[in-house]
Amino acid sequence: MIPLITNKEKKVFVLTGPKNNGVMIFGNDYLLTFDNNSKLIKQKQLHKSLIPIEFGSKDEIEATIHSHIIDDLITSTDICTLMLYGKFAKMKTHYVMSKKYVSIWDFKKETLTVMTREDFEKIK
């Protein structure tokens with residue numbers, strides 16, 4: 001659980017962590033929003049499924065990918081997961097694909113590029 005509390009709102013991100021080393025997990029994550037009395041007022045599921053990606057290889061992995069059905073853009077929990085495992089995973093790039101957009105995470109630079117799916121299809 002990752003609380004994010006400001007003067008205006010109280011939110012908690014709920015993430016699933018792996019039991020085994022060498023696995024990065026996307027999905028089974030939620031955003032909970034609370035009122036000033038700490039009563040739950042909104043619950044949003046950020047992914048529809050659990051997506052494990054293994055990275056235990058000694059060789060660098062060129063790219064990994066997962067898709068989004070609920071949201072068009074990469075989620076904040078995706079970025080947290082990528083940043084957390086980036087130091088351990090020997091990966092170059094991770095793609096998050098949706099109908100409208102492609103989010104591209106560069107592990108080495110720790111940068112995110114977002115482009116339309118149409119523009120992405122033109123360059124590949």
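Nothing in this text is a laboratory measurement; each read-out follows from the coordinates by a stated rule. Computed from a predicted structure; not experimentally measured. Virtual Cβ from ideal backbone geometry, glycine too; neighbours counted across all protein chains shown.
Details
- Computed from the C-beta positions of Lys39 and Val114, the FRET efficiency with R₀ = 41 Å rounds to 0.75.
- Selection of trypsin sites (Lys or Arg not before Pro), segment 17-97, meeting DSSP coil and at most 16 other Cβ within 10 Å: Lys19, Lys39, Lys48, Lys58, Lys87, Lys90
- Gain on full stretching of the segment that runs from Val23 to Ile123 - 0.36 nm per residue minus C-alpha separation: 33.0 nm
- Lysines with Cα under 20 Å of Lys122, excluding same-chain neighbours fewer than 8 positions away: Lys99, Lys100
- With the charge dipole of the chain set up from +1 on Lys and Arg Cβ and -1 on Asp and Glu Cβ about the Cα centre, the Cα lying farthest toward the positive end among the listed residues Gly22, Tyr95, Thr6 is that of Thr6.
- Point-to-point label distance, Lys92-Ile5, nm (Cα→Cβ direction, 7 Å offset): 4.4
- Equivalent ellipsoid of the chain: semi-axes from √(5λ) of the C-alpha gyration tensor, largest first, are 27, 19, 12 Å.
- What the phi angles of segment 71-86 give under the Karplus curve with 6.51, -1.76 and 1.60, with θ = phi - 60°, is a coupling list of 10, 7, 10, 4, 8, 5, 5, 4, 5, 4, 4, 5, 5, 5, 8, x Hz, glycine and proline written as x.
- Whether segment 53-124 is rounded, prolate or oblate, judged on the alpha carbon gyration tensor where a/c under 1.5 counts as rounded: prolate
- Excluding same-chain neighbours fewer than eight residues apart, the lysines reachable from Lys58 by a Cα-Cα span under 19 Å are Lys87, Lys90, Lys92, Lys108.
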